[in-house]
Amino acid sequence: MAQLNCPPCTPCAAVCIEHEPIQTCEEIKKKKLPKRRQYLYKLQEIRKKPRLIRWGHETSYENPFHVHKEPPPPCAEDIELKTSPVGLPASDPPPYLPQRDGNSDVHPLARPMGPIGPWASGRIDWGALSGQTGTRPVVDRYSITRYSVDEWRQRNADTIDACAATTTKSEKIERDSKNTIIRTYAITDKNQANCTESLHARAKTIDDMKSDLERAIKAMQDEISTLEEQRRRLKQSLAVLRMPEAIASECLERRTGRPDTELIRDRPEEELIREVSLIAEIRAILLKTLAEIEAQQVQNRAARQRMEFDWSDKKLAHENDAINCNLTNKSTITLFRPGATRCPNEQSTEIYWEKFSRETLAMCLDCRKQSEQLRGTLDAILTNAARDLRSQADRVERALADRITCMEEVRQKLEIDLRSTLQHLADTEIQIEKLKVAIRNMDHAMKVVQTRLDNRNQRPRVENCRDQSQALLIAEVKSIEEGLSAMNAQLKQEEEVKNDLIMRRGELEKEIMMKRRTIAIDRDRCQLLRTHFPSATALSGY
């Protein structure tokens, strides 16, 4: 190995660290080293080149605005090395450290700087102390001196010692840091794996409960649909029940128009009264059952809604846990969330969560059983009601047929006046039906506006405000109610006109032919209406 001839502080220290001898430019060219190594040698030589400073000239290398052609780097042979610490005796410190020349073993600082001499240009202006360091700087014409060579060497020694101490401390801290990193990462990975496994188990538990809720919701939805069909069937039965009630009431009302001598309590009268009483009793039962069904339907929908809310919450919770299970240290959606470790006040416990879910399923099961029992009761009620009504209707029709046969002899005398009276009566009834239809059709508009109001009442918190739309909807309800009141008043007037026609017809019949009116009531009105009596199937709501 060639002997090194440069101190570590020189620019060629990088080459010395690699334990390679300094070579000249000719040797570099002969060996044809790689371009990177050649560039390194050239850079070292350029750094050792002295900088030429010519004050007041643009050829200075320190002028940043001067564009000059850099001179070629000198060869290593032309460079004179000033210091060579390698190979010196151990008792002689390097020249950049404090020396032993006439000093004690502790290497104190050398004597302080004295005056430079009588040629120091600053003495004339500074006075008697002008040449001494520490009072004012010794000023020459082109330079200013602050420290001595011994102070500079002592500073170099302090810097090197501080660097060595800092390096030792850095190595120790680096070892501790590596051990801390390894230990922290191992604990973190273990805790993260345990949390991921726990999240997977929790997600499976939520998914199982969500599946149970889905089955319960489907069963409740089927029950609600079936009960809704039964409710429509019951309402259809009530609507059909209006027809026999109207027929029986019409028959009784028509028979009250018989002349005084014909106002007898015969068998058709008694059967019609029984029929009206039976219809009223059946109507009361059906209305009561309808109220129970609607109340049960409300409970069913509430149970379904509760389960749907619970299912929706569990779905969101399952999706949340699924996202958390798939999060890793390489995920791009992770962020710092300050305050995430704080538990909200509304958080529930795991025991309460399971209890709440089980109570929801149990409530749904009980509600569905009650609905099934109510449907069975409704089937029995409708079947018995249809059978009783049909049997009573047959008895009424037979009684009317017998009565009409007995009064057939006076039919010709009552027919002409009866037609005229019935024509006006029919027109009045048509108008009454039109009014009833119009009144019923107003229910759709009322339902729409009331539904809108009810839906707007479900708005959350501050959104539930009394705005202009709310006022307009309330005004619309008032307008519809006023219209209904007007049509009801008109309907009342039409019914009064109808009664007036009946009374007028009675007067005419009483004046013309009492027997003709009686036969017309029994046969042309009552028996005709009885032909429209609904069947048992229609009375059952089908």
So, first residue under 22 Å from D524 (Cβ atoms) in the range 226-247, second residue open to solvent by less than 20 Å² (accessible area, probe 1.4 Å) and basic (K, R), Cβ within less than 7 Å, six or more apart or across chains; the pairs are I247/R530
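Within the range 317-362, take every residue that is polar (S, T, N, Q) and part of a helix (DSSP H, G or I) and give me the one that is most open to solvent (accessible area, probe 1.4 Å). Step through it out loud before you land on a result.
Pass one, the range 317-362, residues polar (S, T, N, Q): 320, 324, 326, 328-329, 331-332, 334, 341, 345, 347-349, 357, 360.
Right, trim to part of a helix (DSSP H, G or I) and you get 320, 324, 326, 357, 360.
Working: N320: 83, N324: 54, N326: 113, S357: 0, T360: 0 Å².
Of everything passing the filter in the range 317-362, N326 is most open to solvent (accessible area, probe 1.4 Å).
Based on what the data block shows, is Q470 farther than 30 Å from L491 by Cβ, more than 27 Å from the chain's Cα centre (by Cα) and surrounded by 12 or more Cβ atoms within 10 Å (Cβ to Cβ)? Break it down stepwise before answering.
On the way: farther than 30 Å from L491 by Cβ: yes; more than 27 Å from the chain's Cα centre (by Cα): yes; surrounded by 12 or more Cβ atoms within 10 Å (Cβ to Cβ): yes.
In short, yes.
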- Looking at the range 363-370, is at least one residue in a helix (DSSP H, G or I), open to solvent by 90 Å² or more (accessible area, probe 1.4 Å) and over 30 Å from I217 (Cβ atoms)? no
Would the range 284-305 turn up any residue that is more than 30 Å from S237 (Cβ to Cβ) and open to solvent by 50 Å² or more (accessible area, probe 1.4 Å)?
-> no
Exactly one of K498, K436 is surrounded by 13 or more Cβ atoms within 10 Å (Cβ to Cβ) and within 30 Å of I404 (Cα to Cα), and that residue is K498
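Could you identify the single residue in D176, D212 that is surrounded by 14 or more Cβ atoms within 10 Å (Cβ to Cβ) and either closer than 26 Å to L365 by Cβ or of a type outside the set (V, I, T) (or both)? Give the derivation first.
Details: D176 fails: surrounded by 14 or more Cβ atoms within 10 Å (Cβ to Cβ).
Only one candidate passes the filter, namely D212.
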Filtering the range 392-406 down to residues that are open to solvent by less than 50 Å² (accessible area, probe 1.4 Å), closer than 25 Å to E281 by Cα and out of contact with any helix residue (DSSP H, G or I) (no Cβ under 6 Å at 6 or more places or on another chain) yields A393
Checked the range 172-216 for anything closer than 20 Å to I323 by Cβ, of a type in the set (A, V, I, L, M, F, W, C) and touching a residue at least 24 places away in the same chain (Cβ under 8 Å); matches are L199, A203, I206, M209
Of the residues in the range 225-241 that are hydrophobic (A, V, I, L, M, F, W, C) and open to solvent by 10 Å² or more (accessible area, probe 1.4 Å), the one that is farthest from the chain's Cα centre (by Cα) is V240
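Could you go through the range 194-202 and let me know if any residue there is touching an Asp or Glu at 6+ places or on another chain (Cβ under 7 Å) and surrounded by 19 or more Cβ atoms within 10 Å (Cβ to Cβ).
no
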Q) Is there a residue in the range 383-393 that is in contact (Cβ under 8 Å) with a residue 24 or more places away in the chain, under 52 Å from the mean Cα position of the chain (by Cα) and part of a helix (DSSP H, G or I)? A) yes
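The values are calculated or read from the model by the stated rules, or taken from the named source; none is laboratory data. Fair warning: this is a prediction, and the values are worked out from it, not measured in the lab. Cβ: placed from backbone, ideal geometry, glycine included. Neighbour counts: every protein chain shown. Calculation scope for accessible area: heavy atoms of the full protein, side chains included, ligands and nucleic acids excluded. Shrake-Rupley method; radii C 1.70, N 1.55, O 1.52, S 1.80 Å.
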